1. Please identify every one of the trypsin sites (Lys or Arg not before Pro) in segment 1-46 that sits in a loop by DSSP and has no more than 12 other beta carbons within 10 Å of its own beta carbon.
2. For the chain, with only Lys/Arg (+1) and Asp/Glu (-1) charged at the beta-carbon, what is the dipole magnitude about the Cα centre, in debye rounded to 20?
3. Report the convex hull volume per residue for segment 52-123, counting only C-alpha atoms, in Å³.
4. Take N98 and E45, extend 7 Å from each Cα along the Cα→Cβ direction, and tell me the distance between the two endpoints in nm.
5. Can you pick out the pairs among K26/K121; K26/K113; K26/K50; K55/K113; K25/K121 whose Cα atoms lie more than 21 Å from each other?
6. State the extension gain, in nm to one decimal, for the chain segment bounded by E107 and A120, taking 0.36 nm per residue of separation less the distance between their alpha-carbons.
7. For the chain, just run the numbers: alpha carbon Rg, then divide by 2.2 N^0.38 Å, N being how many residues it has.
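Taken together, the values in this text are just the output of simple stated rules run on the coordinates, not laboratory data. No experiment lies behind these values; they were computed from the predicted model shown. Reconstructed Cβ throughout: ideal geometry from the backbone, glycine too, with neighbour counts over all protein chains shown.
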Amino acid sequence: MDELSEIHQIFVEFENAADPEIKVKKFKVAIDRANECLGRSDLTETDLKKLNNFKRSYTRTLLNSLPSSGGTTFALWLDYFVALVSVNSEREELFQLNPTLRDRFDEFLNLHKEELRRLAKLK
């Protein structure tokens with residue numbers, strides 16, 4: 001299996017994972033692997049396009065599957081937040097195309113807003 005196929009397989013595992021902890025871990029691994037590939041100089045234009053499409057498509061999937069209930073632990077929420085920070089440009093591009101995704105992201109951010117504020121004050 002070539003590297004792009006392996007990355008795609010990890011994204012598919014992310015998409016199919018039922019457990020939110022496994023889901024976000026798979027996403028982070030796939031994004032890290034895609035970014036490593038994108039840093040190489042030997043990629044073809046086709047491969048670059050595929051990797052960027054993977055990142056954008058699966059970032060959309062992550063945004064659509066964000067936890068939205070107050071039962072989400074702060075640790076899990078933070079894992080999702082870190083994952084979404086790592087795809088900032090893709091996330092912002094998707095927000096431009098679909099403002100509903102921004103609303104979903106804002107709702108997600110509000111889940112632990114108070115805890116985040118409290119931690120920020122400790123510094």
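1. On the way: sites: K23, K25, K26, K28, R33, R40; in loops: R40.
Sites meeting the loop and neighbour criteria: R40.
2. Details: 19 positive and 21 negative charges, 111 e Å.
Roughly 540 debye for the chain.
3. Numbers: hull volume 6.6 nm³, N = 72.
Cα-based convex hull of segment 52-123, divided per residue, equals 91 Å³.
4. Computed distance between label sites N98 and E45 equals 2.8 nm.
5. Details: K26/K121 32 Å; K26/K113 25 Å; K26/K50 18 Å; K55/K113 27 Å; K25/K121 28 Å.
Violating the 21 Å limit, Cα to Cα: K26/K121; K26/K113; K55/K113; K25/K121.
6. Details: separation 13, 0.36 × 13 = 4.68 nm, distance 1.97 nm.
My answer for the length gained is 2.7 nm.
7. Working: Rg = 15.4 Å, N = 123, 2.2 N^0.38 = 13.7 Å.
Computed over Cα atoms of the chain, the ratio equals 1.12.
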